[in-house]
Each structure stands twice: as structure tokens, then as C-alpha cells.
Amino acid sequence: MSEVKHEVLLQAKGIYKNFETSKKDQAVHALTNVDLTLYRGETLALVGESGCGKSTLGRTLIRMLPATRGSVTFEGQNITAMKDKEFAPLRRRMQAKLWQALYFKFDYEKEYLPQLEENLVWLGAELQKLTDYQQRRNAYRKK
């Protein structure tokens, strides 16, 4: 039996993201003290109500938005502390896909599991399209 490696791919510690408002000394607190660890080979799905901060967290994790406070490490490197020029080569290796599919809406009056299954089937089909595209692209590049 092979030993399972638990190599940390992405780790966020104490992530805060605030957005300033037009009112003096006020801010919208979008993320408050978020911690997470993602190991190589794992998949992370963020599920929550509209406007709860899923996309903000995803964008903050890959530096599309700067964190107000906290740190994000990717492959052991603190990417929140890097300058843009330092981060550029690493950004090319980060393959973070932010899935905010409008199809992923739930009717809370209906049973939850059948709706989840329907959304996962759709997502599987979308992932298969991406895989097929990548295989065709790689085959073309080898020619």
C-alpha cells in the first residue's frame, strides 16, 4: 500500500478583505479571519448564498484582489508578500478556476440533493470539455 503524501499546495491564514465605502471611516467587511489549507490533488468547492464572499475569497487567494490582512502561501511561498514582478512567473503556474456558474442556483423550496446532483452533472460535462480541449491542444503542439 502506498503512503499518502499531504503536501500543502495552498494555505490561507487570517484572510481579511474590506472594501471602502463612500462614507468616511466605514468599510464593507467581505472576509473575516478566513483560514484554509488545500493539499495537492484536492479540490475545493465553496458553497454559499449569493453575496457571501465566495468569489471575493477566490480572487483574494490568487491575488486578483489584495488581502486587507492575512497571508496566502502557494507551494510554500508567501504570495501576499511578493511584488508583482516576483509573482508573475508563479501566476502562470497557478491554475485557479473560479467557477461562479449562474446555473448553480438552488430553490430552497425543493429537495436539495437532486438539485446538487443536477449541478454536479453539468459541472462534470464542463470539466470534460476542458479536458478534451487540453488534450487536443497538447496533441497539436506536439506536431
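The values are calculated or read from the model by the stated rules, or taken from the named source; none is laboratory data. This structure is a prediction, so every number in the text was calculated from the model and none was measured. Note: ideal-geometry Cβ built from the backbone for every residue, glycine included; neighbour counts use all protein chains shown.
Could we say that Ala81 is modelled with pLDDT of 85 or more, under 18 Å from Gln11 (Cβ atoms) and part of a loop (DSSP other than H, G, I, E, B) here?
Here the answer is yes, as Ala81 does meet what is asked.
Could you give every pair whose Cβ atoms fall below 7 Å, whose first residue belongs to region 28-45 and is under 17 Å from Asn18 (Cβ atoms) and modelled with pLDDT of 80 or more, and whose second residue is part of a strand (DSSP E or B) and among the basic types (Lys, Arg), counting only separations of at least 6 or pairs across chains?
So the pair list comes out as Ala30/Lys17; Leu31/Lys17.
Pairs, please: C-beta under 9 Å, at least 6 apart or cross-chain, first residue in contact (Cβ under 8 Å) with a residue 40 or more places away in the chain and within 16 Å of Arg40 (Cβ to Cβ) and in region 72-94, second charged (D, E, K, R) and part of a helix (DSSP H, G or I)?
Phe74/Arg93; Glu75/Arg93
Considering only region 84-128, how many residues are basic (Lys, Arg) and modelled with pLDDT of 80 or more?
1
Restricting the search to region 9-26, which residues are more than 15 Å from Thr56 (Cα to Cα) and more than 15 Å from the chain's Cα centre (by Cα)?
Within region 9-26, Thr21, Ser22, Lys23, Lys24, Asp25, Gln26 meet the criteria.
Among the residues that make up region 69-77, is at least one of them acidic (Asp, Glu), in a helix (DSSP H, G or I) and at pLDDT below 90?
no
Looking at Gly58, Gly51, which one is at pLDDT below 90, outside any loop (DSSP other than H, G, I, E, B) and not aliphatic (A, V, I, L, M)?
Within the list Gly58, Gly51, the selection yields Gly58.
Across region 1-53, what is the total count of residues that are of a type in the set (D, E, K, R) and farther than 21 Å from Thr73 by Cβ?
Going through region 1-53 one residue at a time, the tally reaches 6.
Can you give me the number of residues within region 126-137 that are within 25 Å of the chain's Cα centre (by Cα) and over 16 Å from Thr43 (Cβ atoms)?
Result for region 126-137: 6.
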